[in-house]
Every structure is written in C-alpha cells, then in structure tokens.
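A short worksheet on the structure shown next.
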Amino acid sequence: MSEPKRILVTGAAGLVGAEICARLLKAGHRVSGLVHTTRVLIANGGRVVASAADDRADTVRLVTGDVTVPRLGLDDDTWTDLADGLDLIVHSAAITDFGRPREAYQAINTTGTAHVLELARERSTPLVHVSTAYVCGEREGTVLESQLDVGQRFGNPYEESKLAAEQLVRKAATDSLPTVVIRPSVVVGAARTGVVRDFKNLYVVLKLLSEGRISAIPGYFDACVDLVPVDHVAALITAVVDDFARARGRTLHAVGASVRMRHISDVLAEYPSFHVPRYIAPATFDPATLPDLECGYWHRVMSLYESYFRRRQHFDDATAAEFRVHKRLPSGPNHLRRIIDYAVGAGYLGAPLQSVADALSRVNQR
C-alpha cells in the first residue's frame, strides 16, 4: 500500500461509510469520521470501529458536524485542524433512500458536496467523491464511466441531486482540485455471505413482493438492476486511496451483478412461502385498478422504484477494473439468492409487515 494517510470520511455512520472506515483502518490509515449524531460507528457485520472516546491509531476519531451548513457546522479550531491535518477526504455522506422531499436531496447530496469541497479547497486536499451509477437516469444501453450529463431523464430527485453534486466535483477538478469519483450501483450485502447491516431500499421491495403485498409490477422481464456488495465498494475506494495519483481525474463504476427482472421472479419462486409478482406492460398498468391496500403500498412505496423495473442498462467498468481487488460478480441470480438467503436467516424476509406505515419507516430510516 501507499504511505499511511490522514483521511476524513464523511457519512461515516452510513452503510458504505462505516465499511470504508473499517477498510481504511485495516490498510493502516489514520481515519476521522464526520457524523451527525452517531457516537458509535458500526460497520457491516457488527464490527465497532469507532467511538467518540477513542483517538487511537486502530479506531476512527469521530467528528460531529453537518454537511448541510457552511464549514460543516464546525467551530473555527476544528475546521482549521481538519484543513491543516488531512491528506485526503472521502465524501460518502448522502441521502440514498427514496421518497424524501426534493429539498432534502438538494441540501444533503448537492449543497453538502459543495460544503465538503469548501474544506478540500482550503489546502487543495485530494477528494474521493462517492456518487451513484444511477446519475445516468433512465437512459438505456451501455453507460460509460466518462459520461455524466447527456440530457437524460431522471427517475427520482435522488439521481438528479447526485448528478448535480458530480458536476460540482468536476468543476472543482477543472480548478485543479485533485478528485476521483466512485459510482456504486445498488449497494447490497457482502459478496460471500450476503451479510448487510441495514435492510433498506431493494430489501423493502423484496419484502413487499415476497409477501404478496404487491402482486403486479409495470416492467419488462429483460430490464435489469445492478447489485454491488458493500465490501466490494469499500475495497475499491480503499484501492483508489492507496493509488490516488494514478486514479486522479477519473470516474469509476463500482458495480457488480446485473440482475434481470426475470431473475427476481425466478428466485422468489424458489422459496415455498414467497409470492411471485406478475409483470405488466407499463403502458397498460393502472394502479387505480389495484385493491385498496395494494394501491396504498404502490403509491407510497413501490412507485418510488417503478422506473427500475423497466430500465435496460449496462455499466461499463473498464477504469474500475484497473483498481479493484475483487472480480466483478457475474451477471445472473446468484448474488440475489445470497442476499435473500441472508435476509431470511436474519428474520427480515418471511416475517410480515404490519402496515404501509411499517414499510415506510424502513424506507425512511437513515
């Protein structure tokens, strides 16, 4: 590896952020984690890697701040200490769940990035920015790592806010700030075990489908969604940190297994107690024809994810392949099956949700 670096990770309490912190510590770096309120940092699999009381080389030093306000809400001394004492910043703070007001995505994902760039510019500190592969929006076909704004339509305000954040990072790079952009696809459980700390987003969709709360989906059998294990994302980011000079100025797709909608139906059918949804041509789908309870789930939960059931996208990852230490997962249902097996074993799948409100509470957890 490279010489040990002093690194700030924003969003350190998140699923990806905590895993990044754990990987960077293991690689020998000194890590500080910017958190909003969290006082204990738990990585995927339950490993405690930080506490507010710790300031040792083998733990993360927690810094309380807020990316939505100028200077990250830090006092002058803390701001100066960070600006003077960092070798690199990994910016992973973001709202990644759907259904929030547009202003929330703007405040955290876009304006938050502007505030982190403000810190980076103080001493021209190199920045690794964690974006999303879905800045591509609803465009179809092969998505290149070099592409950003090609006039695409977005499926939700989250995607739009992340594109705007990437544009800020690209502008900073043209002004000579050293930057790298990492774009994960849909982050799920670990590659070998399926272990995941939080059951959010895709997992909520799988729960509603497997319990028959949603019986019909407007989508296509050959549409696909890309699933990347959280440990693969963190490993790629760590590899980029260790070889930043070679990665500088580049964008990397942190992607994994491309899973078709047919795979989702086929895998759900393997579990005797699970329901299997029907796919309906989007042009003929009318949620008003659904039973009242299902209509409620549709409008308040599933409609947030609707466009992903009809996207036909493939993410090129030629640049990422130069840095990653794991092989990209093969396309197909194997990893989907693995994460479902873990969710069943953990008791998340197979236990019924009680209400629409219960589903929404899981969607909106941070």
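Laboratory data are not the source of any read-out in this text; all were calculated from the coordinates shown. All values derive from a computational prediction rather than experimental measurement. Cβ coordinates were reconstructed from backbone atoms using ideal geometry, including for glycine residues, and neighbour counts include every protein chain displayed.
Given a cut-off of under 8 Å on Cα pairs at least six residues apart, what relative contact order in percent is computed for the chain?
Dividing the mean separation by the residue count of the chain yields 18 percent.
If R0 is 56 Å, what FRET efficiency do you get for ILE280 and THR78 from their C-beta distance, rounded to 0.05?
My answer for the efficiency is 0.55.
Order the peptides 146-152, 78-84 from the highest to the lowest mean number of other Cβ atoms within 10 Å of their residues.
Top to bottom by mean Cβ count within 10 Å: 78-84, 146-152.
Given points 7 Å out from each Cα along the Cα-Cβ axis, report the LEU293 to GLU122 separation in nanometres with one decimal.
5.4 nm
Could you please state, rounded to a whole Å, how far the C-alpha centre of the stretch 65-138 is from the C-alpha centre of the stretch 11-30?
Taking the Cα centre of each part, the stretch 65-138 and the stretch 11-30 sit 16 Å apart.
Hey, in the GNM for the chain with a 10 angstrom Cα cutoff, which one of ALA288, ALA133, ALA254 fluctuates hardest?
In this elastic network of the chain, the residue with the biggest mean-square fluctuation among ALA288, ALA133, ALA254 is ALA288.
In whole Å, what three semi-axes, largest first, describe the equivalent ellipsoid of the stretch 154-276 built from its Cα gyration tensor (square root of 5 times each eigenvalue)?
Computed over the stretch 154-276, the values are 34, 17, 11 Å.
Once amide H atoms are placed 1.01 Å from N in the peptide plane, what residues at a sequence separation of 5 or more from LEU252, or on another chain, have their amide H within under 5 Å of its amide H?
For LEU252, the qualifying residues are VAL181, ILE182, ARG183.
Please compute the Kirkwood hydrodynamic radius of the chain from all pairs of different C-alpha atoms, in Å with one decimal.
One over the average 1/r among Cα pairs gives 20.9 Å for the chain.
Please name which of LEU127, PRO4, ALA239 has its Cα lying farthest along the dipole of the chain towards the positive end, using unit charges on Cβ (Lys, Arg +1; Asp, Glu -1) and the Cα centre as origin.
With unit charges placed on the Cβ atoms, the residue in question is ALA239.
Extending each Cα 7 Å along its Cβ direction at ALA269 and ASP341, get the distance between those two points in nm, one decimal.
2.1 nm
Mind giving me the nanometre distance, one decimal, between the label points for GLN147 and ALA321, set 7 Å out from Cα along Cα→Cβ?
The two pseudo-label positions are separated by 1.8 nm.
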